[in-house]
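Structure record follows, encoded as C-alpha cells.
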Amino acid sequence: MISRPFSLNRRQFVELALGIAVAEAAEACASHVAPASPGPLPSLNAAEFRAARRFAEIPFGKIAYVERGSGDAALFLHGAPLNGFQWRGAIDRLSAYRRCIAPDFMGLGYSQVPARQGLAAKDQVAMLASLLDALGVSKVDLIASDSGGAVAQWFMVRYPDRVRTVLLTNCDVEPDSPPPKIMPIIEQARAGTLHRGMDEWLANKSLARSTFGKAVFRDPSQLTDDAIEYYFSPLVSSPLKRTQYEGFHLALDPNPLAGIEPALKRVDIPTRIVWGTSDDLFSPASPDYLDRTLARSQGVRRVPGAKLFFPEEFPELIAEEVRRLWGVST
C-alpha cells in the first residue's frame, strides 16, 4: 500500500513508459511463438506399453489403445497379426508433434468385442469413428500398414472431413486384395486351425523368428521374445479371441476394397506412400496404383531391402516421412 504520493521527472517518466511498452511487446510476441519441442519421449518396451494401455468403452466393445503426446491427433493403424505395439518407435519420435493414438483392431490385439461383432474393414472404420468421438477427436492424420492400410482407405472415403493427411506403407489395394499369398492363411481360418500357429510360436519363439519374423522383417531378431508375447498371446487368450482372430482373416475374402477406386479418386487428402521393396506379400505394382489413383498423392518412396513390417524396424524413416508430410521441422 502506498502511504504517500510520489512524482516522476520527465526522464523517469519516459524510461518507465518505454519499459512498459517493451514488456508488453515481448509478451505479445511470446504468445505467438510455439513452445520448444520437448523431443521424443523415451521409448516404451513391451512392459511399459502394456502399462500405458487404456480401454475406451464404446458401442463396439472395449477398444484397447495407447496414447502419447498432445495437440492435433494422429491415428496409427496396425497390420495383422500385430497390434498398436507395432508403432511404438514411430510414436516415440512423433509424440512431440501430435497426440498419437494407436488402437488395436477388433479381432486383434487386446480389444474386447462381442462374439457377433463384424470384423471387416468397413466395421473397423465405424469402430474407429466411434473411438475418435469418445476421445474427443474430430480430425486425424492417418498412418497405416498392411490390413490397416485397407481400413485407412475406407476411412478416407467415408470420413474425408476427418482426415488431414495419410501415410500408407505396404498394404492392400483394390486390384490386390486379398493378395494370393494370404489365401492359405484364410483357408486355415476357414478350417479353424489358424490359431495353432500362434500356439506354436508362443511355445517356440525361435521358430516364430525363423518363420514369421524372417518373412516380414529384414532382421528377424527385431521380433524379440517380449514382442512375440505382446503380439500373439492375446490372440489365443480365450476361445472367443481364437475365433475372432480367425474371423478377422475370414473378413479379408471376398475383397474388402471391391468398388473403392472411383471414391478414392475423389479424395482430396495429401497422401504419401512408403513401400518396402523386399515385401513379397503385396504386389510391387501397388504403390504406383495408389500414386496414380489418389489425386493428392505426394509420390512414392521405395525402401530397398525392407519387408512388410519395416515401419517397426525403421521408425525414424517413418517419422521423417510423416514430419515432411505434416510440414513440421525437427
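A few notes on this one:
Matching residues to (1) modelled with pLDDT of 95 or more; (2) in a helix (DSSP H, G or I); (3) over 19 Å from the mean Cα position of the chain (by Cα):
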residue: Leu240; (1), (2), (3): yes, yes, yes
residue: Tyr245; (1), (2), (3): yes, yes, yes
residue: Ala263; (1), (2), (3): yes, yes, yes
residue: Asp268; (1), (2), (3): yes, no, yes
residue: Ile273; (1), (2), (3): yes, no, no
residue: Pro284; (1), (2), (3): yes, no, yes
residue: Pro311; (1), (2), (3): yes, yes, no
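- Cross-chain or 6+ apart pairs with Cβ under 8 Å, the stretch 214-230 first and in a helix (DSSP H, G or I), then at pLDDT below 95 and acidic (Asp, Glu): none
Residues checked against (1) within 19 Å of Gln124 (Cα to Cα); (2) in contact with a Phe, Trp or Tyr (Cβ under 8 Å, 6 or more places away or on another chain); (3) surrounded by fewer than 23 Cβ atoms within 10 Å (Cβ to Cβ):
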{"site": "Gly61", "(1), (2), (3)": "yes, no, yes"}
{"site": "Val66", "(1), (2), (3)": "yes, yes, no"}
{"site": "Ala73", "(1), (2), (3)": "yes, no, yes"}
{"site": "Ala90", "(1), (2), (3)": "no, yes, no"}
{"site": "Pro103", "(1), (2), (3)": "yes, yes, no"}
{"site": "Leu108", "(1), (2), (3)": "yes, yes, no"}
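- Search result, residues across the stretch 106-148 that are assigned to a loop (DSSP other than H, G, I, E, B) and either modelled with pLDDT under 95 or under 26 Å from Arg323 (Cβ atoms) (or both): Leu135, Gly136, Val137, Ser138, Lys139
- Screening the stretch 214-228 for residues that are small (Gly, Ala, Ser) and either modelled with pLDDT under 95 or in contact with a helix residue (DSSP H, G or I) (Cβ under 9 Å, 6 or more places away or on another chain) (or both) and picking the one that is nearest to Gly79 (Cα to Cα) gives Ala227.
- Within the option set Leu77, Leu94, Leu108, Leu82, being over 23 Å from Thr243 (Cβ atoms) and touching a residue at least 24 places away in the same chain (Cβ under 8 Å) holds for one residue only, Leu94.
For every residue, the table says whether it meets (1) over 18 Å from Gly79 (Cα atoms); (2) in contact with a helix residue (DSSP H, G or I) (Cβ under 8 Å, 6 or more places away or on another chain); (3) surrounded by fewer than 22 Cβ atoms within 10 Å (Cβ to Cβ).
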{"position": "Ile273", "(1), (2), (3)": "no, yes, no"}
{"position": "Gly276", "(1), (2), (3)": "no, yes, no"}
{"position": "Phe282", "(1), (2), (3)": "no, yes, no"}
{"position": "Gln298", "(1), (2), (3)": "yes, yes, yes"}
{"position": "Phe309", "(1), (2), (3)": "no, yes, no"}
{"position": "Glu313", "(1), (2), (3)": "no, yes, yes"}
{"position": "Leu325", "(1), (2), (3)": "yes, no, yes"}
{"position": "Val328", "(1), (2), (3)": "yes, no, yes"}
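- If you filter the stretch 177-235 down to residues that are of a type in the set (Gly, Ala, Ser) and in contact with a Pro (Cβ under 8 Å, 6 or more places away or on another chain), you find that the one that is surrounded by the most Cβ atoms within 10 Å (Cβ to Cβ) is Ser177.
- Candidates in the stretch 78-104 are the residues that are hydrophobic (A, V, I, L, M, F, W, C) and in contact with a Ser or Thr (Cβ under 7 Å, 6 or more places away or on another chain); of these, the one that is nearest to Ala129 (Cα to Cα) is Ala80.
The values are calculated or read from the model by the stated rules, or taken from the named source; none is laboratory data. Treat the numbers as computed from the prediction; the structure is a model and nothing was measured. We place every Cβ from the backbone using ideal geometry, glycine too, and count neighbours over all the protein chains shown.
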